[in-house]
Each structure stands twice: as C-alpha cells, then as structure tokens.
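Worksheet for the structure shown next.
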Amino acid sequence: MSRYKLIALDLDGTLLTDDKRISEENKAAIRLAEDAGITVMFATGRGVQNVEEYVRELALGSPQVTVNGSEVWKAPGKLLERHVVDPGLIRRMYKLAAYYDTWFWAYCVGDIYNKERWLPESEIDAKQWMKFGFYTENEDSLAVIRQELASWNQLEITNSHPWNLELNPKGISKASGLKRVCELLGIHMSQVMAMGDSLNDAVMLQEVGLGVAMGNAQDEVKALADTVTLTNEENGVAQAIRQYALT
C-alpha cells in the first residue's frame, strides 16, 4: 500500500503538455493511482471555469484547489471556502499595471478580466476578486512592481511563469488550500505527494510529504522540492507516480 493517500497536481507546466493536453501516459498513471486507492486532485492557479474540461476528461470527483488556493472545492461544483482580495487593492494593482504598461488579468467569481477587457471603476466593488496577475518581459518593471507590492504587506506574491506575478490574499496559497482538503479527507499533509513547476507551487511542495518539481520547473522551485522528475513534455507526472506513489 502506498504511503501517499493524495496526489495534488498543478496543471500548466506540470500535468499538461505545452499545447495544454493531458498525455495518454499521464492519464494511465492517474488511473493506476486511483485504482490503488489514492485520491488524485488538481491544485492550480486557474479559475474553476478553466479547470472543468480536465476534470471531465479524467472523470475526477475529488476536491480541487483553484485560483492558487483562493477557492477550495469539496468536489466538482461544491464549494468549501473562498478567500477574496479587497477591491481597493485591485484598483491599486490595476493602476500599477497601467503605469508600467504590463499585461494583466484578474479572476473574480464567475469571470476573468484583463487588459483588453476591464471594468468601469464604478463596477469594481460589486465583484468578489480572488487573484490579480501581471505579465511583462521587462525585468526592471517586474522587479519594481514586485517591490512595490511587497511593501504593501497585504498580498501573497508568487508566479506561474518567470515573466509574471500572481497576487492572492495574504496567507492564501495552494498549500493553505491543500491543508483544508486534508482536513476534509481526514489525512495529514505528510500523506500527500504534490507536483509543480512554478513559485505558486513552492510552499505546497515544501509542506507535503513528497514535493516533486518538474524537470522544466524554475530553478528556485527545484531547489525547494524533495525530488525532480522529467519535464511536462516527457510525462514527468506519470514517471513520478510510478516511481514514488505506486511502489
């Protein structure tokens, strides 16, 4: 019997190939894990609306952690808890993005807005905001934006790519969401195996029983993980499941 009761998978750069597919080898390994009595779930920065197709594809009925922990789901369509960002902070981040002319996006309940589609000022308070993101390949701008955000001391700062920043409510992360799932399932974080590739996975990889960084992961994430598997293009998820969860 596996020492792991739960496998938590990031999506982009981890379970998904670069063209956003789940390989047949990864699917087969997930089925083997489930057949062995291990719960397989997603822990992703995506909003739930951008996760549903993969939940259906794998026929998962398990809990989910979405929007970097801002939402925790008991099962598909059954919300356990939600954490929101103050609309005043959303306004301040929007102004930063506009000033530095970066791409930006923001998840709210039921929708996602971005640089090409933003709300009138008067409508911002009416939404429940969960995450704001910046994207720019200007390293200087990214560094200054990060420094400014850190000075506020009101947000969790991570990324899902070397050129972006992702902001969630302070203290909210994939790890905090995973802890709630463990409480729900009656297991300990030491019984969890998690896989990821970016800084929004880092705390999760550190706090579970086995944190697995992808071969394509950011170097900082590899350094924090317990082990490194193959890349997302080489079925790294399947390799890690076979090597660590099914032996």
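Using a Förster radius of 30 Å, what is the FRET efficiency between VAL144 and GLU116 based on their Cβ-Cβ separation? Nearest 0.05, please. Can you show the working numbers first?
On the way: r = 24 Å, r/R0 = 0.79.
Efficiency, from the Cβ-Cβ distance: 0.80.
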Task: P(r) tail fraction, the stretch 134-247 - alpha-carbon pairs more than 24 Å apart, % - done: 32 percent
TODO: Quick one: of LYS20/LYS179; LYS5/LYS74; LYS74/LYS174; LYS5/LYS179; LYS131/LYS222; LYS5/LYS170, which pairs are farther than 21 Å apart, Cα to Cα?
DONE: LYS20/LYS179; LYS131/LYS222; LYS5/LYS170
Task: Solvent accessible area, Å² - ASP10, 1.4 Å probe, full protein context - done: 10 Å²
TODO: Give the Rg (one decimal place) followed by the Dmax (whole number) of the chain, computed from C-alpha coordinates and expressed in Å.
DONE: 17.6, 56
TODO: Just the number, please: percent antiparallel of the DSSP beta bridges in the chain, rounded to the nearest 5.
DONE: 65 percent
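With viscosity set to 1.567 mPa s at 4 °C, what whole-number translational diffusion coefficient in µm²/s follows for the stretch 54-183 from Stokes-Einstein and a Kirkwood radius over Cα pairs? Before the final figure, lay out the partial values.
Values: Rh = 15.5 Å.
After rounding, the answer is 84 µm²/s.
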Task: Amide H contacts of GLY47 (H built 1.01 Å from N, under 5 Å, at least 5 apart or other chain) - done: VAL67
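Suppose R0 equals 25 Å. What FRET efficiency, 1/(1 + (r/R0)^6) with r the Cβ-Cβ distance, do LYS20 and LYS222 give to the nearest 0.05?
Working from the Cβ atoms, E equals 0.65.
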TODO: Please report the base-10 log of the normalised intensity I(q)/I(0) for the stretch 1-94, using a Debye sum with one equal scatterer per alpha carbon and no solvent, at each q in 0.17, 0.21, 0.24 (1/Å).
DONE: -0.77, -1.07, -1.29
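Could you work out how much longer the chain between GLU34 and GLN243 gets when fully extended? Use 0.36 nm per residue separation minus the Cα distance between them, nm to one decimal.
Details: separation 209, 0.36 × 209 = 75.24 nm, distance 1.52 nm.
Once the chain is fully extended between GLU34 and GLN243, it gains 73.7 nm.
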Task: Mean Cβ neighbour count within 10 Å, used as a protection proxy, ranking 130-140, 50-60, 170-180 highest first - done: 170-180, 130-140, 50-60
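Dipole size in debye (nearest 20) for the chain around its Cα centre, Lys and Arg Cβ +1, Asp and Glu Cβ -1? All intermediate terms of the calculation are to be shown ahead of the outcome.
Working: 25 positive and 35 negative charges, 171 e Å.
For this selection, approximately 820 debye.
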Task: Rounded tilt (10° steps) of 24-35 against the dominant C-alpha axis of the chain - done: 70 degrees
- [ ] For the stretch 121-193, with all protein chains present and a 1.4 Å probe, just round the carbon and sulfur fraction of the accessible area to a whole percent.
- [x] 45 percent
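The values are calculated or read from the model by the stated rules, or taken from the named source; none is laboratory data. All values derive from a computational prediction rather than experimental measurement. With ideal geometry, Cβ positions are generated from the backbone for all residues, glycine too; neighbour counts draw on all protein chains shown. Ligands, DNA and RNA are excluded from the accessible area calculation, which covers all protein heavy atoms including side chains. Shrake-Rupley method; radii C 1.70, N 1.55, O 1.52, S 1.80 Å.
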